[in-house]
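Comments concern the structure below.
Just so you know, all these numbers are worked out from the coordinates, no wet-lab data involved. In this text, all values refer to a predicted model and were calculated from it rather than measured experimentally. All Cβ positions, glycine included, derive from the backbone under ideal geometry; neighbour counts span all protein chains shown.
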Amino acid sequence: MTDPLLSVRDFSVVYDVDPPVAAVKNVMLELQRGEILGLAGESGCGKTTLAYGIQRLLKAPAVITGGSVVFHDADGEDIDVNSLGVEAMRRFRWDKVSMVFQGAMNALNPVATIGSQLEDVFEVHRPGMNRKQRRDAVAELLEIVKVGAQRARSFPHELSGGMRQRVMIAMALALRPQLMVMDEPTTALDVLVQREILRQISQLRREFGFSVIFITHDLPLLLEISDRIAIMREGEIVELQTAEGIWRDPQDEYTKTLLSSFPRLTGEKGVVVR
Amino acid sequence: MSTLEVRHVSKVYNLRGAGQLTALDDVSFTIDSGQTIGLVGQSGSGKSTIAKILTQLETPTTGEVLLDGKPIPRRGAGLRSYRQQLRMVFQDPFASLNPYHSIRYHLERPLRLDKVVPKDETEAEVRRLLERVRLIPDAVIDRRPHELSGGQRQRIAIARALASRPAILVADEPVSMLDVSIRLGVLNLLADLQREEGLGVLYITHDLATARHFSDEIIVLNQGRIVEQGKADDVILRPQDPYTQELRAASPDPERFFASAGPAEGGAR
């Protein structure tokens, strides 16, 4: 049984420079409701361009040259993302699809409190809420991500990297989106903090039922948290299957190369030549 | 043959009005030529404080560092000669090279300052260094850092560290900023150079998997104290200390993950 949330068909993006660079080539992708889809590949393979492209977050010289992105809203409506007008697009973003940016730890405004930055989300997207409601919502969010409501008055530099990352997740969660795109959300964190954040993402996903597109080049990590994994290379998805399938029975040569380029923590196959 | 010995080193920082912070607490270990020691621990465990003390950017509160049995001179020619013996490779190849200068300049400087080769052989030595790190001299020598990829830049940083012909190399997270597909290449390069030049290497990282494959011995640091130390495979595969066990459990390990049929901690399923 399939219950798709997002259907991407023949999606292509070109960077219109001289010579033009085809960054994403005819990508076909169906994301299921509640699924964590891992997107892996090396720098420059197009994974971030793809993730930005499906939300129309790309700036010139990037041009979407073809294909469609259809968002199957929980209320039954099918939204063609490419045909949304300016105002409709503004409402669509963050409400339906939110994003945890790469280097999110440094994405917070250093001169504003955590609380006021979270309140901004409601001020813009939920103009009907009054101040008290916004404050309560922010307090609730900070509790959900286990930063604690009392931290609303802290400035970003007063929090550790892991806590700042949780604040970014709280912000992405604010409007209860159906899809969260996470671009390298744990890359700068040490292993213990990373593990805690991953646990939290899994737990929130169970609780709120959103889907996740999780972008990273850390394949071992992706194997553990994803339901399915798409391997990208030079703008194309060369393989897409369950995480376990990627691990046990990779089909594409490039997937095999990627898998073999990781030193194994406990496995016997050491790839470092000593 | 050189030996670097860290003997009962502690480092205490006085925090303004907030008491004291013990960054290192009675740390002892040795690195011999040709040996790689992995130093692992989470953020704030004291890894970088050790690097700072080894490079004499910080002085220990108590304890001492000895190179071939001799304490590090505090200043002057003695300190310079020590620093020639011990070189660092930093984490961020984007920040550790000067954007205003060419690659040639980066490599000439240590050659001149440490008078490694006669002046008229400098150019040839720069080229030799570039070849040592598997770069084509003509392709990079006149370029500036921003024209090179992250992996190439880190190779330049390694070449620069090797220029003074050091006995010990301290590599602080040398590959964590690089793309996974080239990390292994840089680590293998370090391993080759270490073997060929008989370098002693201190590999500082929080990545247990590369620490295991790249090191002879591993030291686990927690809150400034060494909690476990031993052969790389023993420490990672059969950790004794609870903190090491915790680190290991938190590290992604598809092998173990897919071997256990049930839902795993922190996994999606």
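Worth pointing out:
- Extension gain for residue B:231 to residue B:179 (0.36 nm times residue separation, less C-alpha to C-alpha distance): 15.9 nm.
- Within chain A, longest stretch clear of exposed GluC sites (Glu not before Pro) (DSSP loop, no more than 12 other Cβ within 10 Å): A:78-267
- From the largest down, segment B:16-85 spans 37, 29, 17 angstrom on the principal axes of its Cα atoms.
- Label point of residue B:128 set 7 angstrom out along Cα-Cβ; within segment B:71-85, no amide nitrogen lies under 13 Å from it.
- Simple spin-label estimate for residue A:207 and residue B:241 in nanometres, 7 Å along Cα-Cβ: 3.4
- 10 Å Cβ shell holding at most 16 others, DSSP loop, chymotrypsin sites (Phe, Trp or Tyr not before Pro): longest site-free stretch of chain B: B:101-269
- With contacts taken as Cα pairs under 8 Å at a separation of at least 6 residues, chain A carries a relative contact order of 24 percent.
- Here residue A:256 is the anchor, and the aspartates and glutamates within straight C-alpha reach of less than 13 Å, apart from those fewer than 8 places off in the same chain, are A:239.
- FRET efficiency estimate (nearest 0.05) - Cβ-Cβ, residue B:62 to residue A:43, R0 41 angstrom: 0.40
- Translational diffusion of segment A:17-61, estimated by Stokes-Einstein from the Kirkwood radius over alpha carbon pairs at 25 °C in a medium of 0.890 mPa s, is 201 µm² per second.
- Sorted into 5 angstrom bins from 0, the C-alpha pair distances of segment B:13-150 split as 2, 7, 14, 16, 16, 15, 14, 9, 5, 2, 1, 0 percent.
- Using a Förster distance of 41 Å, the FRET efficiency for residue A:112-residue A:10 (Cβ separation, nearest 0.05): 0.50
- Those trypsin sites (Lys or Arg not before Pro) in segment A:161-200 that DSSP places in a loop and that have at most 15 other beta carbons within 10 Å: none
- Spin-label model distance (nm) - residue B:7 vs residue A:252, 7 Å beyond Cα toward Cβ: 5.7
- Square roots of five times the Cα gyration tensor eigenvalues for the protein assembly as shown, Å: 43, 28, 23
- Legend: ranking of residues B:115, A:25 from fewest to most surrounding C-beta atoms inside 10 Å; resulting order B:115, A:25.
- Derived scalar couplings ³J(HN,Hα) [segment B:74-85; Karplus, 6.51 cos²θ - 1.76 cosθ + 1.60; whole Hz; x for Gly, Pro]: 6, 7, x, 4, x, 5, 4, 5, 4, 5, 5, 6
- Relative to the globular-protein estimate of 2.2 N^0.38 Å, the Cα radius of gyration of chain A stands at 1.03.
- Compactness of segment A:106-176 as Cα Rg over 2.2 N^0.38 Å, two decimals: 0.99
- Taking 0.36 nm per residue of sequence separation and removing the Cα-Cα distance, the residue A:153/residue A:125 pair yields an extension gain of 7.9 nm.
- Volume of the Cα convex hull of segment B:156-262, divided per residue and given in Å³: 128
- The base-10 log of I(q)/I(0) for chain B, evaluated at q = 0.07, 0.09, 0.11, 0.12 Å⁻¹, reads -0.27, -0.45, -0.66, -0.78 [Debye formula, identical scatterers on Cα atoms, solvent excluded].
- Computed about the Cα centre, the dipole magnitude for segment B:155-260 is approximately 180 debye when only Lys and Arg (+1) and Asp and Glu (-1) carry charge, each at its Cβ.
- Maximal additional length on extending the residue A:32-residue A:95 stretch stands at 20.9 nm, based on 0.36 nm per residue less the C-alpha distance.
- Working from Cα pairs under 8 Å separated by at least six residues, relative contact order for segment B:3-252 is 27 percent.
- In segment B:97-230, Cα pairs under 8 Å separated by at least six residues give a relative contact order of 21 percent.
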